[in-house]
Amino acid sequence: MTDDIPPLKRPEEMGPIRSQADLHLLWRALMQQLGFGSRQLWLALLDGDDRCTPVVQNIVEVPDVPDGAMLEGLAVVCRGLLDEAVPGGSVAFLVARPGPAGIDAADRAWATGILAAMSRAEVSCRPVHLANDHEIHVFTVDDQIASA
């Protein structure tokens, strides 16, 4: 994938998110220049036509490792948002942190925790992405196996 930064547009003005490459470009456009002062969690709601809605939320200074209650609460909020505002939609998450490229154990804990909580709440969730000071990376099945 290219490291070019796409132009920043309002989320709802961006093209549909129908592939992994589309989702990567969405996050790359929203993050612009990489570099983070603390661990953060980003959430985007996608509608039933695979378009990003105006709902893009940044939760700053999240803990290094998520706790179950926090993830379950996040899943309940996402389930409510989809049921009330975006029927047939899905959610996309990006975990961001300062530091070097690559995926660390805390990143894996966030990604696997998010995916598990969304699955239990029956929330349609796109692949989790990870951003650091150098790159944006999709959390893959191989990354999940590495955390087992």
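The values are calculated or read from the model by the stated rules, or taken from the named source; none is laboratory data. For clarity, every value in this text was computed on a predicted model and none was experimentally measured. Heads up, the Cβs are rebuilt from the backbone with ideal geometry, glycines too, and the neighbour counts pull from every protein chain shown. To get the accessible areas, we keep the full protein, side chains included, count just its heavy atoms, and leave off ligands, DNA and RNA. Shrake-Rupley method; radii C 1.70, N 1.55, O 1.52, S 1.80 Å.
Within region 102-124, residues that are within 24 Å of Leu81 (Cβ to Cβ) have Cβ atoms under 6 Å from residues that are acidic (Asp, Glu) and open to solvent by 30 Å² or more (accessible area, probe 1.4 Å) in these pairs: Ala117/Glu72, counting only partners at least 6 apart in sequence or on another chain. Checking each residue in region 61-109 for being assigned to a loop (DSSP other than H, G, I, E, B), open to solvent by 70 Å² or more (accessible area, probe 1.4 Å) and of a type in the set (Asp, Glu) picks out Glu61, Asp64, Asp67. Given the structure, is Glu122 of a type in the set (D, E, K, R), open to solvent by 20 Å² or more (accessible area, probe 1.4 Å), outside any helix (DSSP H, G or I) and at pLDDT 95 or above? Against the criterion (of a type in the set (D, E, K, R), open to solvent by 20 Å² or more (accessible area, probe 1.4 Å), outside any helix (DSSP H, G or I) and at pLDDT 95 or above), Glu122 qualifies. Restricting region 1-43 to residues that are hydrophobic (A, V, I, L, M, F, W, C) and surrounded by fewer than 15 Cβ atoms within 10 Å (Cβ to Cβ) leaves a set whose member that is farthest from Val123 (Cα to Cα) is Ile5.
Do the conditions hold for Ala44, that is, is it among the small types (Gly, Ala, Ser), at pLDDT 95 or above and either in a strand (DSSP E or B) or within 16 Å of Val138 (Cα to Cα) (or both)? In short, yes.
Count of region 60-89 residues, restricted to those that are modelled with pLDDT of 95 or more and among the acidic types (Asp, Glu), is 2.
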